[in-house]
Amino acid sequence: MNHSLRKRVLVITYYWPQAGGVAVQRWLKFVKYLRDFGWEPVVYTPENPEIFYDDHSLVKDIPDGVEVIKRQIWEPYSIYKWITGRKGTKLGLGFANETGKKGRFNGIMVWLRGNLFIPDARIFWVNPSVRFLSRYLHQHPVDAIVTNGPPHSMHLIGLKLKRKFNLPWLADFRDPWTNIDFYNELKLTRLADRYHHQLEKKVVNTADAVTVVSYQMKSEFDSLGGRNIYVLTNGYDTDDIPALSPTATANHFSICYIGTMNRARNPVVLWQALNRLCSINDDFASKLKIRLAGQIDSSVFDAIEAENLKNNYEFLGLLPHGKAMELLGSSQVLLLVVNNTPNAKGIVTGKFFEYLATGKRILAIGPADGDLAQIISETDSGDVIDYSDADGVFQVLTNYFELFNEGNLNPETKGIEKYSRKALTGRLAEILNQITNG
C-alpha cells in the first residue's frame, strides 16, 4: 500500500530495541506488520531507558523507514544506584526487582517507589513527553494513539494527549496495574493505593479501546467500567522459529526454561519429581538435562542441587533472542512456571507462544483452571500441573520420558495459527479501524 494512503498511529512505548526481553517484542512485532494492514506506525520511546539487557538482534525487525522518535528520559534509578553502589549496573524492571530483598534500606526504597513515584518511576517523563508530542502532532497529525504498559506512566501520556487532541486512543496492557504480582509488596499508604486505583480506572474508562493479554485481565477491567476491552494475546513470529525436524531425537532428555525465575517462581515440586525419577530409573538419570537461560535466582540453583541434580543442569545466562529460539528448538520439553500469586489465573507469559510455535512438548506449573491452561488444552500442546501436585508432575514426566524413548514426544498441536504475530496484528488493525470509524 502506498505510504500516503495508510493511516498513521503514534505508538508510545518504553521498551524498544536495542533493549532485550519479552516486553520489547509485543509492540516491535505489531510495528513490524502494521503496514500490511493499512497503518503506518510512528514510535515514540526513551533514548536512554533503564533496561535489563541489550539485544541488538531485535533491531532487524524494525521495518525500513519507520519513524522512531527518541527523547531523553530522567529516572530516579541513577540516584538509587549511586546510594547503593550499583552505578553502571542495569536494574531493568526497576524497583520491582527490589521488593523481595531484605533490609531496612531496601524497605525504604520500595516505600519511596510505591508512594512517591505513582504509577512508577517513569512519571517524570510524562509532562515533557506531552509537551514535545503536542508540538509534533500539530505538525505531523496522526489518526490514533497507542500506549503500552507497564510502565503505566505511558498511559498517562496517552490520557493527557487524549484530553488535548481528542484523538482515538488505545491503551494496551501487557501486565495488570493494581493486580500485578508485586503490587502488595510496594508498602503503599492508603492514600497512594487509592491514587493508583483512581489512575487505573481513569485510563481504562477514558481510552477508546483497551487491549489486554488474557481473559482474566479483561474481566478485571470490565469490573472497572471499561469500554471496548479486547483480548489481544502475545504471539509468535514465524520468522523467528528455527527449522525443526518433528521427528528429531537427541541423546538427552532436556527440559528447557528461558526467562526470569525468581524465588517465588521456583518450581520446587518439579525438582523433587525429577529427583524421584532419577532415583528409580538409571536411564532417566543418565539422559536428564535441565537447561536454564535468563535471570535465574540463586535459590533455584540451591533447590536443584538440594535434590541431587547438580550434574543434570546447565545455566546458559542471558541469550539474544535468536539464540534463545535455537535453544528451544534443540530441547525436548519446554518448561513454563506461573507465579503462585492471586492473579495467577490470568498470567499467560509472552514466551509461551514461542514455545507453542516450536512444536515441542510444554510442561507448565500453574493453575489448572487459568487462561494458560485453557490455551494449552485447546492446542493440545502439553500439560499444566498445579503447584503442589507432586504426583501429577511425576506421572507426566514418566509419560514424557516413555514418549521420548519411542521418538514420539512432540505433540500434534492444533489451531495455533491465530497466535501468529501477523494474525494478531490484523486483529489490532481491526480495533484501530473501529475506534477511528474506519
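You will find that of K87, K81, K60, the residue that is exposed (fewer than 14 other Cβ atoms within 10 Å of the Cβ) and either at pLDDT 65 or above or outside any loop (DSSP other than H, G, I, E, B) (or both) is K60 and no other. Within segment 399-429, the set of residues being in contact (Cβ under 8 Å) with a residue 12 or more places away in the chain and charged (D, E, K, R) comprises E412, K414, R421, K422, R427.
Within segment 365-380, the set of residues being part of a loop (DSSP other than H, G, I, E, B) and either over 13 Å from P411 (Cβ atoms) or touching a Phe, Trp or Tyr at 6+ places or on another chain (Cβ under 8 Å) (or both) comprises G366, P367, A368, D369, G370.
Residues in segment 181-191 that are crowded, with 18+ Cβ neighbours inside 10 Å and in contact (Cβ under 8 Å) with a residue 24 or more places away in the chain: D181, F182, L186, L188.
Confirm whether E378 is buried (at least 21 other Cβ atoms within 10 Å of the Cβ) and among the acidic types (D, E).
On the way: buried (at least 21 other Cβ atoms within 10 Å of the Cβ): no; among the acidic types (D, E): yes.
No; evaluated as a whole, the condition is false for this residue.
Would you pick out the residues in segment 255-281 that are of a type in the set (S, T, Y) and surrounded by 21 or more Cβ atoms within 10 Å (Cβ to Cβ)? Passing the criteria: only Y257. Run E40 past the list (1) modelled with pLDDT of 95 or more; (2) more than 21 Å from W125 (Cα to Cα); (3) assigned to a helix (DSSP H, G or I) and report the number of the one that doesn't hold. Just one mismatch for E40, condition (3). Of all the residues in segment 255-304, those that are of a type in the set (G, A, S), touching a residue at least 60 places away in the same chain (Cβ under 8 Å) and closer than 26 Å to Y53 by Cα number 2.
Among the residues making up segment 414-434, those that are assigned to a helix (DSSP H, G or I), hydrophobic (A, V, I, L, M, F, W, C) and surrounded by 18 or more Cβ atoms within 10 Å (Cβ to Cβ) are L424, L428, A429, I431, L432. Taking first residues from segment 201-224 that are under 23 Å from L372 (Cβ atoms) and partners that are surrounded by fewer than 17 Cβ atoms within 10 Å (Cβ to Cβ) and β-branched (V, I, T), the Cβ contacts under 7 Å between residues at least 6 apart in sequence or on separate chains come to V212/V231; S214/V231; Y215/V231; K218/V231. Hey, any hits in segment 165-188 for a residue that's modelled with pLDDT under 95, touching a helix residue (DSSP H, G or I) at 6+ places or on another chain (Cβ under 6 Å) and more than 24 Å from A23 (Cα to Cα)? Within segment 165-188 (the criterion being modelled with pLDDT under 95, touching a helix residue (DSSP H, G or I) at 6+ places or on another chain (Cβ under 6 Å) and more than 24 Å from A23 (Cα to Cα)), the answer is yes, since at least one residue qualifies. Look at A121 and say whether it is crowded, with 17+ Cβ neighbours inside 10 Å, modelled with pLDDT under 95 and among the hydrophobic types (A, V, I, L, M, F, W, C). Yes: the conditions hold for A121.
Residues in segment 384-393: is at least one assigned to a helix (DSSP H, G or I), in the same structural domain as L356 (by TED's automatic domain parsing) and surrounded by 19 or more Cβ atoms within 10 Å (Cβ to Cβ)? Spell out how you get there, then give the answer.
Keep residues of segment 384-393 that are assigned to a helix (DSSP H, G or I), which gives 390-393.
Within this subset, residues satisfying the condition of being in the same structural domain as L356 (by TED's automatic domain parsing) are 390-393.
Narrowing the set further to residues that are surrounded by 19 or more Cβ atoms within 10 Å (Cβ to Cβ) leaves 393.
Yes, some residue in segment 384-393 is assigned to a helix (DSSP H, G or I), in the same structural domain as L356 (by TED's automatic domain parsing) and surrounded by 19 or more Cβ atoms within 10 Å (Cβ to Cβ).
Are any of the residues in segment 240-252 at negative phi, in contact with a strand residue (DSSP E or B) (Cβ under 7 Å, 6 or more places away or on another chain) and at pLDDT below 95? Yes: one or more hits.
The values are calculated or read from the model by the stated rules, or taken from the named source; none is laboratory data. None of these values were measured; they are calculated from a predicted model. Cβ coordinates were reconstructed from backbone atoms using ideal geometry, including for glycine residues, and neighbour counts include every protein chain displayed.
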